[in-house]
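Q: First the structure, which I've put down as structure tokens, then a few questions once you've had a look.
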Amino acid sequence: VVGISCTDDGAQAQLAPRFHYDPTWPDPLPNLWKLGGVTGLAVDRNDNVWVYNRPNDALPVERRAEPGTDIAVCCVRPPSMIHIDKGGNVIGSFDAPQGHGMAVDDEGFVYLGQDTVRKYDPETGQIVAEVAKTPEKEPDGEAAIAAFREMYPPETPMIVGGLEEIRIVEEDNEMYVADNYLGGRVLVFDLDTFEFKRGWGAYGKPLAEISTDDADHEYTPNGPMAPDFVGHLTLNVSNDGLVYAADRRGTRIHVPTKEGDFLAEFVLAPAPGGGGSPGGVAFSPDPGQQFLYISDRMNNKIWFLNREDGQVVGEVGHMGENGGQFFGLHMIAVDSRGNIYTGEVDSFRVQRFVPADSPRGELLQQLADMP
């Protein structure tokens with residue numbers, strides 16, 4: 001059973017959510033599948049979970065049941081997309097190119113971040129539509145990079161750098177994308193036509209004002225924040241219309257409106273080292289979404305922040321490979337009942353954490369208390 005270690009005063013700590021690791025979810029994967037690193041995680045409208053993984057992460061020793069190998073009892077590479085229900089059973093799957101970031105709309109269509117955003121029919125695994133992207137990626141070499149950035153300036157209204165995150169806002173019929181070009185750009189597209197609508201950079205600056213100088217995208221440990229996003233930008237959109245953009249390598253979360261008007265900056269664990277602290281962004285399931293749930297790959301924990309002021313009120317997890325611990329905590333999602341789902345990119349697994357005050361949470365606590 002895993003609880004939280006609160007980092008603020010007692011009054012605030014009592015507000016923090018508490019969770020227990022649920023060892024009953026998911027069931028073992030069927031068909032001798034061995035999961036790869038988890039690069040996308042989404043909960044659909046039925047509270048079932050989609051897991052986007054990298055099958056090619058599996059080492060030779062992990063796929064000895066594949067044809068042409070040693071033909072051992074286990075295992076084989078799985079499909080990249082696996083659909084798991086609330087009970088932990090696999091209820092569907094399809095194969096698609098590996099990538100990063102995903103979302104599911106209310107009709108069940110799956111959106112995957114590859115070199116752009118591609119919309120898939122979950123029944124057939126066929127591509128339905130895709131967002132426009134540049135025909136080439138940024139090359140290596142100082143002169144080549146300068147020429148590329150002149151050809152594709154920061155305001156380029158298409159995917160340039162590749163994808164980190166996708167979020168869908170059904171009520172606005174819009175899709176928010178974190179493109180990783182120039183440290184990260186927030187781009188918004190029409191959900192029906194996939195046409196570009198608007199975008200912005202750090203501190204809500206217009207796309208055209210994003211610097212092409214790498215020095216403006218550098219992180220200074222415990223120092224002043226960079227004027228532009230540093231790298232590995234993810235995001236989520238709250239019910240009240242705020243965008244939470246987590247600049248992992250910049251150790252911060254920016255909070256603008258849906259139009260990009262900058263409101264606040266939350267700095268999280270800005271000590272030096274690693275690849276930065278704030279990764280995936282999720283919300284508590286209460287109507288006001290009081291808390292932010294932030295996955296942290298470097299420190300291997302989930303941070304709980306007051307959404308109003310960004311103050312850390314609790315945390316759960318630490319480095320390790322036992323149940324309830326994390327090794328490469330990468331993705332996070334929350335269902336309507338408040339269960340947290342996590343995906344790891346180094347330990348190759350998904351886990352579930354249930355609210356301590358839920359019936360399952362209370363039962364897990366009783367089991368933990370048994371001699």
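Q: Would you call residue 218 of a type outside the set (Gly, Ala, Ser), farther than 13 Å from residue 256 by Cβ and touching a residue at least 40 places away in the same chain (Cβ under 8 Å)?
A: It is false that residue 218 is of a type outside the set (Gly, Ala, Ser), farther than 13 Å from residue 256 by Cβ and touching a residue at least 40 places away in the same chain (Cβ under 8 Å).
Q: Next question, about the same structure. In segment 316-333, which residues are open to solvent by 30 Å² or more (accessible area, probe 1.4 Å) and not polar (S, T, N, Q)?
A: Those that are open to solvent by 30 Å² or more (accessible area, probe 1.4 Å) and not polar (S, T, N, Q): 318, 319, 321, 323, 327.
Q: With the condition being buried (at least 20 other Cβ atoms within 10 Å of the Cβ), I'd like the strands (runs of 3 or more DSSP E) fully within segment 185-270 carrying at least 2 qualifying residues.
A: 185-190, 196-200, 233-237, 243-247, 252-256
Q: Let me ask something else about it. Looking only at segment 319-340, count how many residues are among the charged types (D, E, K, R) and touching a residue at least 40 places away in the same chain (Cβ under 8 Å).
A: 2
Q: Something else about it: Taking only segment 46-68 into account, find how many residues are under 24 Å from residue 164 (Cβ atoms) and open to solvent by 80 Å² or more (accessible area, probe 1.4 Å).
A: Summing the residues that are under 24 Å from residue 164 (Cβ atoms) and open to solvent by 80 Å² or more (accessible area, probe 1.4 Å) in segment 46-68 gives 1.
Q: Considering only residues of segment 131-184 that are in a helix (DSSP H, G or I), open to solvent by 10 Å² or more (accessible area, probe 1.4 Å) and not hydrophobic (A, V, I, L, M, F, W, C), which is modelled with the lowest pLDDT?
A: 142
Q: Okay, moving on. Only one of (1) within 24 Å of residue 168 (Cβ to Cβ); (2) modelled with pLDDT under 95; (3) not aromatic (Phe, Trp, Tyr) fails for residue 269. Which number is that?
A: All conditions are met except number (1).
Q: Only one of these is within 22 Å of residue 299 (Cβ to Cβ) and either among the polar types (S, T, N, Q) or touching a Ser or Thr at 6+ places or on another chain (Cβ under 6 Å) (or both): 257, 234. Name it.
A: Only one candidate passes the filter, namely 234.
Q: What residue, of 121, 85, 106, 95, is surrounded by fewer than 16 Cβ atoms within 10 Å (Cβ to Cβ) and under 22 Å from residue 29 (Cα atoms)?
A: The unique qualifying residue is 95.
Q: Among the candidates 31, 48, 89, 53, single out the residue that is out of contact with any Gly (no Cβ under 6 Å at 6 or more places or on another chain) and under 30 Å from residue 314 (Cα atoms).
A: 48
Q: Go through 288, 279 for me and flag whichever is closer than 24 Å to residue 15 by Cα, assigned to a loop (DSSP other than H, G, I, E, B) and modelled with pLDDT of 95 or more.
A: Criteria check complete, one pass: 288.
Q: Kindly indicate the residue of segment 290-315 that is open to solvent by 10 Å² or more (accessible area, probe 1.4 Å) and aliphatic (A, V, I, L, M) and also farthest from residue 40 (Cα to Cα) among those meeting that condition.
A: Going through the qualifying residues, I end up with 312.
Q: Here is a follow-up. Does segment 291-315 hold any residues that are assigned to a strand (DSSP E or B) and either farther than 18 Å from residue 344 by Cα or more than 17 Å from the chain's Cα centre (by Cα) (or both), and which are they?
A: 291, 292, 304, 305, 306, 312, 313, 314, 315
Q: Further question: Counting only residues that are in contact (Cβ under 8 Å) with a residue 12 or more places away in the chain and farther than 21 Å from residue 332 by Cβ, give me the strands (runs of 3 or more DSSP E) lying completely in segment 17-124 with at least 1 of them.
A: By residue number, 90-94, 117-120.
Q: Sticking with this one: Being touching a strand residue (DSSP E or B) at 6+ places or on another chain (Cβ under 7 Å), under 21 Å from residue 138 (Cβ atoms) and hydrophobic (A, V, I, L, M, F, W, C) is the filter here; which residues of segment 159-188 pass it?
A: 159, 160, 163, 166, 177, 178, 186, 187
Q: Turning to a different aspect of this structure: Please go through segment 13-45 and give me each residue that is under 29 Å from residue 311 (Cα atoms), among the polar types (S, T, N, Q) and open to solvent by 30 Å² or more (accessible area, probe 1.4 Å), ordered by number.
A: Passing the criteria: only 14.
Q: Is it true that residue 352 is in a loop (DSSP other than H, G, I, E, B), more than 14 Å from the chain's Cα centre (by Cα) and in contact (Cβ under 8 Å) with a residue 12 or more places away in the chain?
A: So residue 352 fails the test.
The values are calculated or read from the model by the stated rules, or taken from the named source; none is laboratory data. Remember, it's a predicted structure, so these values are computed and weren't measured experimentally. All Cβ positions, even for glycine, are placed from backbone atoms using ideal geometry, and neighbour counts span all protein chains on display. Areas reflect the complete protein model, heavy atoms only, side chains present, ligands, DNA and RNA absent. Shrake-Rupley method; radii C 1.70, N 1.55, O 1.52, S 1.80 Å.
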